[in-house]
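Structure first, then comments.
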2 protein chains.
Amino acid sequence: AGKSDLKSAERSIVFPVSVVLPAGGTGERTGLQTPKQFCLFLGRPLISYTIQAFERVSWIQSIVVVVAKEYMDLMTDIVQQFQHTKVRVVPGGSTRHRSIYNGVLALSEEGEEGKPATDKAKVVIIHDAVRPFVEEDFLHKIAMAAKEQGAAGAIRPLVSTVIATTSEGYLDHSLERAKYRASEMPQGFTYDVIHQAYQKCSESDFEFGTECLHLALQYCGTNAKLIQGPPTLWKVTYKRDLAAAESIIKDTLSRSACVITGGSAQAVTLADALQKAVAALNVELDVIPDLTGENGAYLLNDWNFIQVSVNRSCLSEVEALLIDLEAAKRALLHPLVVILVLLSGSDELSVSGRVVEPEAIMDLASAAKLRNILLYGIQLHQSKDTQRWERSVLRVAEITSALIRERSPALVGQLLQA
Amino acid sequence: AGKSDLKSAERSIVFPVSVVLPAGGTGERTGLQTPKQFCLFLGRPLISYTIQAFERVSWIQSIVVVVAKEYMDLMTDIVQQFQHTKVRVVPGGSTRHRSIYNGVLALSEEGEEGKPATDKAKVVIIHDAVRPFVEEDFLHKIAMAAKEQGAAGAIRPLVSTVIATTSEGYLDHSLERAKYRASEMPQGFTYDVIHQAYQKCSESDFEFGTECLHLALQYCGTNAKLIQGPPTLWKVTYKRDLAAAESIIKDTLSRSACVITGGSAQAVTLADALQKAVAALNVELDVIPDLTGENGAYLLNDWNFIQVSVNRSCLSEVEALLIDLEAAKRALLHPLVVILVLLSGSDELSVSGRVVEPEAIMDLASAAKLRNILLYGIQLHQSKDTQRWERSVLRVAEITSALIRERSPALVGQLLQA
Ligand SMILES: [Mg+2]
Ligand SMILES: [Mg+2]
């Protein structure tokens, strides 16, 4: 057992690992028309998030997604639109086990397509399309244990007591909670174990069985290693889970923003004050003068942007930012937030004039929205009254973090007052 | 069994029913400092929603909330602040069963406090503080079955396969899913059964037991009737459940809004157009001229408000509405949304002037926010260009439903452009 002790620092895997992702569910428990795996979260289907969770793991070489025949076209479109590269889509069978078996068979064909035999998956990870938050660390534990034991599966403590019922609907007995666990996904198998289990199992297993670990035990004599997974392995099952999943996705996208000051001293002062104010709101801010040189990297990762413009009567700076973002194709996968903060230089301006016409921001935002960029404006006025200035900065911080968190398409193009 | 067939139309209950609500959890599974039952949702603790679910049921006569000693003061404050009337707070014991027993004993004291003996609870419903969405219909089923059988409990199908593990952490066997159920809450007992079960049970039961139904079976020979409950019975357990619960609460508060037109023909035209536009967004709108007479009832229920003001240079109409709302004490339980729609009469105004200064709305909103009323403004311009007008109306609809749904405190006082 000491051999399977894993440190997250040592995550290289020297044997081929592939994934089978059965995505045949009909979503009846959410009460929605669309099966859960195809429900959109910020414009992107849930299954695309799950695929991404595997694709970004360097040691996973291929992913077979198994879908019902009527969803083959939709799934193929999703793979293309969201630029998945390790994915093959194959048609499912009439039950979950038949679908998984189809996926496993598709893997065995892979080795034959001109690739060397050593590329054939040594370990197969089976997961659910509707568990999008699985992490590399845990996948590594499952893959290593599967390699060593032949089979491995995620478990979680039971949340409710499990009881046996009589046929008339009365309590028969309750189980001792400590002895039992909920069997979750992912599970891992050596290719030979899962292949042999499905070759040997009966029609009845294919029809009514639910547990791959059970087949490995019954037909290969393999007692799966059980590993407790984190709560994030949870399965999007009910309608309430859609809200929970959206909230987690939004949290992930809302952690950090990049303030572009243009180098102006006033903008830098504002950015520094903002940095302190948003820290209390759980947003992290990086402050940079512009996106040239090494700062170009900000365009490639999951950053939100705050462009500070001082005393400008045009939108040239934020227009340049939008062009850079479009060139970097950042907004293809999820809506990107850009907030233009217009800082005007004196108290006098606060009543009389606007620096930029609100209509101009609305027009720019409408065009950006078509490219999945959500542009909002915030106007504030420099003030020598310290209290007033601090109140304005705090309001910019609150508005900024609310806009980044909520990503409301209805509010794009608005010029808000701080 | 035919006798216990229930129709939701016949919900009167002719025997006294009381509730014991153990609220001693420490919330370790959410990873938060605050126990889940005290986490705030729109400014109100979760347990207050759960209490409300019982308080609004006419045939439930009293609710005993059992909390750890260190939370007695907090709980007493909650009862007062959220105006709960059927609630008594008692201190808990060192385990869940000891706490529930304390609650049951507190009920038996009730009958003695000068009330006639017939008021003593005949049926006791036990529920969790962190299952706030339980509905009257299901409580009725549990109460009736408990009266008839001595004990009754909610069950749900198992979401995951349940497996038995060996002491070394390997798969021993998996259970046949169809034979087992998850035991959930609420559960119901005749007073005599639950009281006797706790009187007879052992110290070990008090210390390690989890299942009240099991005690009823073991010590009273009562086989509980099991009734499948709806998914809404679910228990707020993990951090993700907080987001799911908030989403459900927000949905409930966002279903309907009341448009006040002031009787102006232009405002009525806008309101009618809005009514069509928001229908597609799942918001229902009632249109009324004002809140006099029978329309005063809108102030008392869960409505959001949209005040349309035409060509006004002051905020008198919305100020009057805020005064009415405050008098009705509507915003005590959850934040109330008021949207001021400023309709200006012609295209010419659209560039030149504002009808109302944005600063005035911000000041009014800041004051209203202290009283838990969230005030937002939307400005739009009458236009003879049909397309332009329809676009503006659609934008008002989108902004309105986003503001009502999201209830963002950061955006109050903003004057948005449609
Ligand atoms: Mg399974
Ligand atoms: Mg229980």
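The values are calculated or read from the model by the stated rules, or taken from the named source; none is laboratory data. Here the structure is a predicted model, which is why all the values come from computation and not from measurement. Don't worry about glycine lacking a Cβ; one is built from the backbone with ideal geometry, like all the others, and counts go over all protein chains shown. The accessibility values were calculated without ligands, DNA or RNA, using every heavy atom of the protein model including side chains. Shrake-Rupley method; radii C 1.70, N 1.55, O 1.52, S 1.80 Å.
Scanning region A:159-172 for residues being at the interface with chain B (Cβ under 7 Å from one of its Cβ atoms) and in contact with a Ser or Thr (Cβ under 9 Å, 6 or more places away or on another chain) gives a total of 7. Out of A:E176, A:E148, one residue alone is within 16 Å of ligand 2 (Cβ to nearest atom) and open to solvent by 40 Å² or more (accessible area, probe 1.4 Å). It is A:E176. At the interface with chain A (Cβ under 8 Å from one of its Cβ atoms) and either over 24 Å from B:L336 (Cβ atoms) or within 16 Å of ligand 2 (Cβ to nearest atom) (or both) - does that describe any residue in region B:240-248? Yes, region B:240-248 contains at least one residue that is at the interface with chain A (Cβ under 8 Å from one of its Cβ atoms) and either over 24 Å from B:L336 (Cβ atoms) or within 16 Å of ligand 2 (Cβ to nearest atom) (or both). Among all residues of region A:234-244, there is none that is among the hydrophobic types (A, V, I, L, M, F, W, C) and touching a strand residue (DSSP E or B) at 6+ places or on another chain (Cβ under 7 Å). Within region A:192-214, can you find the residues that are small (G, A, S) and open to solvent by 60 Å² or more (accessible area, probe 1.4 Å)? A:S204 - this is the single residue of region A:192-214 that is small (G, A, S) and open to solvent by 60 Å² or more (accessible area, probe 1.4 Å). Before we move on, is B:L105 open to solvent by 30 Å² or more (accessible area, probe 1.4 Å), out of contact with any Asp or Glu (no Cβ under 6 Å at 6 or more places or on another chain) and away from every other protein chain (no Cβ under 14 Å)? So B:L105 fits the description; yes. Among the conditions (1) over 30 Å from the mean Cα position of the chain (by Cα); (2) within 16 Å of ligand 2 (Cβ to nearest atom); (3) more than 7 Å from every other protein chain (Cβ to nearest Cβ); (4) aliphatic (A, V, I, L, M), the only one that B:A154 does not satisfy is (1). Condition first: within 16 Å of ligand 1 (Cβ to nearest atom) and touching a helix residue (DSSP H, G or I) at 6+ places or on another chain (Cβ under 7 Å). Now tell me which residues in region A:194-211 satisfy that. Matches in region A:194-211: A:I194, A:A197, A:Y198, A:C201, A:D205, A:F206, A:G209, A:T210.
Are there any pairs with C-beta distances below 7 angstrom linking a residue in region B:151-174 that is within 30 Å of B:D137 (Cα to Cα) and assigned by TED's automatic domain parsing to the domain that holds B:Y191 to a residue that is within 14 Å of ligand 1 (Cβ to nearest atom) and acidic (D, E), with the two at least 6 apart or on different chains, and if so which? Pairs that qualify, where the first residue is within 30 Å of B:D137 (Cα to Cα) and assigned by TED's automatic domain parsing to the domain that holds B:Y191 and the partner is within 14 Å of ligand 1 (Cβ to nearest atom) and acidic (D, E), are B:S160/A:E184; B:T161/A:E211. Scanning region A:356-413 for residues that are closer than 19 Å to B:L380 by Cβ, of a type in the set (D, E), modelled with pLDDT under 95 and not in a loop (DSSP other than H, G, I, E, B) turns up just one, A:E359. Cβ-Cβ contacts under 6 Å between residues 6 or more apart (or on different chains), taken from a first residue in region B:399-410 that is facing chain A (nearest Cβ under 7 Å) to a second residue that is among the β-branched types (V, I, T) and part of a helix (DSSP H, G or I), are listed as B:A410/A:I399. Just for region A:235-257: of the residues that are small (G, A, S) and in contact (Cβ under 8 Å) with a residue 40 or more places away in the chain, which one is surrounded by the fewest Cβ atoms within 10 Å (Cβ to Cβ)? Among those that are small (G, A, S) and in contact (Cβ under 8 Å) with a residue 40 or more places away in the chain, it is A:S256. The residues listed here are A:T261, A:T232, A:T222, A:T269; of these, the one that is open to solvent by 10 Å² or more (accessible area, probe 1.4 Å) and more than 10 Å from chain B (Cβ to nearest Cβ) is A:T269.
Quick grid of which residues meet (1) more than 17 Å from A:A164 (Cβ to Cβ); (2) at pLDDT below 95; (3) within 16 Å of ligand 2 (Cβ to nearest atom):
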site	(1), (2), (3)
B:S160	no, yes, no
B:G188	yes, no, yes
B:F208	yes, yes, yes
B:E211	no, yes, yes
